[in-house]
Amino acid sequence: MFKKLKLGQPSKDQQIDKTVIGQSAVVVGNIVSQDLVQLKGHVVGNIDVNGSPNAQLSVLSQAHVEGDINAQQAVVNGVVMGNIESNGRVELHAGADVKGNISYATMAIEHGAKLYGMMSNNNVEQH
């Protein structure tokens, strides 16, 4: 009667669309998605990942972005040369190397992450 699901595993009805840009791929141009994007390769252009609760950009350790990122959630463990803007969570893991400003609602920075830029919380109330 009940289905047993492993934690972190979506059911068949909850499958999340995922785009993977492979390690050997070089994309010259902008990327727009409403779901999960995993970047292993190189992107020269802006990346916009918004529109659904599952919208997340993962810049993996071997990945490189030359452009601005606008994402519901952003997880960075690679190189980003551009600004990151998020209405949700931004995570910089130990391998992150970001040269740009970050605007976020919530932020997590792991020991070893590098940020050359400014951070600003976009949830601060204006009076």
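The values are calculated or read from the model by the stated rules, or taken from the named source; none is laboratory data. Only a predicted model underlies this, so the values are computations on that prediction, with no experimental measurement involved. Cβ placement follows ideal geometry from the backbone for every residue including glycine, while neighbour counts extend to all protein chains displayed.
Pairs meeting the criteria (first residue in the range 33-54 and more than 16 Å from residue 89 (Cα to Cα), second residue among the acidic types (Asp, Glu) and in a strand (DSSP E or B), beta carbons under 9 Å, at least 6 apart or on different chains) are 33/48; 42/66; 43/66; 44/66; 45/66.
Within the range 44-75, being more than 15 Å from residue 31 (Cβ to Cβ) and within 9 Å of the chain's Cα centre (by Cα) holds for 73, 75. The residues in the range 80-127 that are outside any strand (DSSP E or B) and crowded, with 18+ Cβ neighbours inside 10 Å can be counted, and the count is 7. Whether a residue is modelled with pLDDT of 95 or more, out of contact with any Phe, Trp or Tyr (no Cβ under 6 Å at 6 or more places or on another chain), polar (S, T, N, Q) and under 23 Å from residue 21 (Cα atoms) was assessed, and residue 101 does not pass this test. Selection of first residues in the range 11-22 that are in a loop (DSSP other than H, G, I, E, B) and of second residues that are modelled with pLDDT under 80 and not hydroxyl-bearing (Ser, Thr, Tyr), restricted to Cβ pairs under 9 Å at least 6 apart or on distinct chains, gives the following pairs, ordered by first then second residue: 11/3; 11/5; 16/10.
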